[in-house]
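Worksheet: the structure to be examined is printed underneath.
The values are calculated or read from the model by the stated rules, or taken from the named source; none is laboratory data. Predicted model only: the values in this text are computed from it and were never measured. Heads up, the Cβs are rebuilt from the backbone with ideal geometry, glycines too, and the neighbour counts pull from every protein chain shown. Protein only, heavy atoms only, side chains kept; ligands, DNA and RNA dropped before computing areas. Shrake-Rupley method; radii C 1.70, N 1.55, O 1.52, S 1.80 Å.
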Amino acid sequence: MKKLDIITFGRAAVDLNAVEYNMPMEETMTFKKYVGGSPANIAIGTSKLGLKAGMIAKVSDDQHGNFVIDYMNKVGVETSSIKKDTEGRKIGLTFTEIKSPEECSILMYRDQVADLYLSIDDFDEDYIKSAETLLISGTALSQSPSREAALHAMDIAKKNGVEVIFELDYRPYTWKSEAETSVYMTLAARSADIVIGTRDEFNVLENSEGNSDKESVQQLFNYSPHLVVVKHGVKGSKAFTRDGEVIEGDIYKTQVLKTFGAGDSFASGFIYALKKEKGIQEALKYGSAAASIVVSKHSSSDAMPTVEEIEQLIHSQEG
C-alpha cells in the first residue's frame, strides 16, 4: 500500500478574492484571503474528499508562506515537501475581480515568485515513490529551475511506476513566448498517463487553434497518455481513451457567483472518482458537480466540496 494517493507539484499561492461584487477591481476596496494556486487547490480538494494527498512546492519564508502551510496541514495535506524559500523571494498573489457571474478576471503578481524557484534539491525520489499518482501543473514548466524540477519529478514517477497526471494549468503571465509554452507543455503531455485541460489550453499546447478534440487526443495517443480530458466550460467535458472510447460529461446547474476555481475542483472530483474505481463516466460527473459547487461560492480552496455535497448535487439533478 502506498502512503499517499496523490502528490501535486507546483504553484502554491495566496488568493485575494474581491468581497465586493459587481464592480471593477479599481473600485474594490475589500478582499478576502485564501490559499490558491491550481496544484495547491487540487491537493486541498482531493484531501477534503478523503484521499491521502501531499504536495511538492516552495513558498515564501514569511507570514504568507506560514498561512499556506498551516491551512494545508489543517485540511490534511501532507506538507513535508513544501519548502520555504531561503533567498527572500515572495509568494505569488492573485487578486480577483467579480463584475458579474459571467465577467470575472484575475490579476496575478508573479515576478520572481518562490514557486518558480522550486528545484530538484527540494524533494527526493522516496517521496514521489510513496504515492500512487503525481500531478504536475503546467505553470511549473514556465521557468527554470521549476521547469527542470517538474520534468525530473515526472521522470522519477515514470521509472517507479507512479501514475502521472498533467494538468495544463496555463497562465500566460510567466511564459516567455507561445512557442516556448508549446514545446514544454507538449513534452510533459507526451510523458503523462492522463492529460486534463480546457480546449483553449490544448490550443496553447499545440500553438494552434485549428485542431479538433479528436485530432488533439490522437496526437497524444501516439505517446504515453491513455486518457485525455478536454473541458468545454458550460458545454461540458469529454474524455477520450486510447482504445477509441469517447465519454461525454454533463454540467450541473447552479447559481454562479464567479468563474474561477472550476478547473481545480473538476480535477479534484474527477481524480477522486477514478481512485475509487467509479469509472470514467462517473468521474466526469463528480468533476462537473464539484466545479458547479465551487463556482457558486466565494473561494476556490475553502469551497472544495465533500463527497456528500457532490453526490447530493448529482442525485438532486438526476432524480
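Sorting THR46, THR198 by accessible area puts them as THR198, THR46; the probe is 1.4 Å, largest comes first, and only protein heavy atoms count. With a cut-off of 14 Å between beta carbons, the residues surrounding THR198 carry a summed charge of -3, where Lys and Arg count +1 and Asp and Glu -1. Seen from GLU215, the other residues with C-beta closer than 14 Å to its C-beta sum to a net charge of 0, counting Lys and Arg as +1 and Asp and Glu as -1. With the cut-off at 1.5 for a/c, could you classify segment 9-73 from its C-alpha gyration tensor as rounded, prolate or oblate? Because a/c hits 1.5 or more and a/b exceeds b/c, segment 9-73 counts as prolate.
Oblate is the label for segment 197-290. Its Cα gyration tensor axes, ordered a ≥ b ≥ c, give a/c of at least 1.5 and b/c at or above a/b.
Computed over neighbours whose Cβ is under 9 Å from that of MET23, the net charge equals -3, Lys and Arg +1, Asp and Glu -1.
Looking at segment 12-168, the DSSP beta bridges with both ends there are about 50 percent antiparallel.
Of all DSSP-defined beta bridges confined to the chain, some 40% are antiparallel rather than parallel.
Each peptide in 291-303, 100-112 was scored by the mean count of other Cβ atoms within 10 Å over its residues; highest first, the order is 291-303, 100-112. Taking 13 Å as the straight-line reach from the Cα of LYS231, the aspartates and glutamates in range (excluding those fewer than 8 positions away in the same chain) are GLU167, ASP169, ASP200, GLU201, ASP213, GLU248, ASP250, ASP264. Length gained on full extension, ALA179 to ASP62: 38.6 nm, using 0.36 nm per residue less the C-alpha separation. Evaluate E = 1/(1 + (r/R0)^6) for ASP121 and VAL234, where r is the Cβ-Cβ distance and R0 equals 35 Å; express this FRET efficiency to the nearest 0.05. It comes to 0.20. Surface composition of the chain: carbon plus sulfur atoms hold 47% of the accessible area, using a 1.4 angstrom probe and ignoring ligands, DNA and RNA.
Averaged per residue, the chain has 42 square angstrom of accessible surface, using a 1.4 angstrom probe with ligands and nucleic acids left out. Solvent-accessible area of ARG242, all protein chains in place: 110 Å² (probe radius 1.4 Å, heavy atoms, ligands and nucleic acids excluded).
Candidate membrane-span-like segments in the chain, meaning DSSP H helices with Cα atoms spread over at least 18 Å of their own axis and a Kyte-Doolittle mean of -1.0 or above, are 146-159, 178-191, 262-275, 280-295, with no membrane implied. Pairs from the list LYS33/LYS297; LYS159/LYS285; LYS52/LYS214; LYS48/LYS297; LYS129/LYS276 with a Cα-Cα gap above 22 Å: LYS159/LYS285; LYS52/LYS214.
Mean separation of Cα pairs under 8 Å and 6 or more residues apart, divided by the residue count, gives segment 124-238 a relative contact order of 23 percent. Computed on segment 252-319, the Cα convex hull volume stands at 72 Å³ per residue. Using a/c under 1.5 as the rounded threshold, could you call the chain rounded, prolate or oblate? The axes a ≥ b ≥ c are square roots of the C-alpha gyration tensor eigenvalues, and prolate needs a/b larger than b/c, oblate otherwise. Verdict is rounded for the chain.
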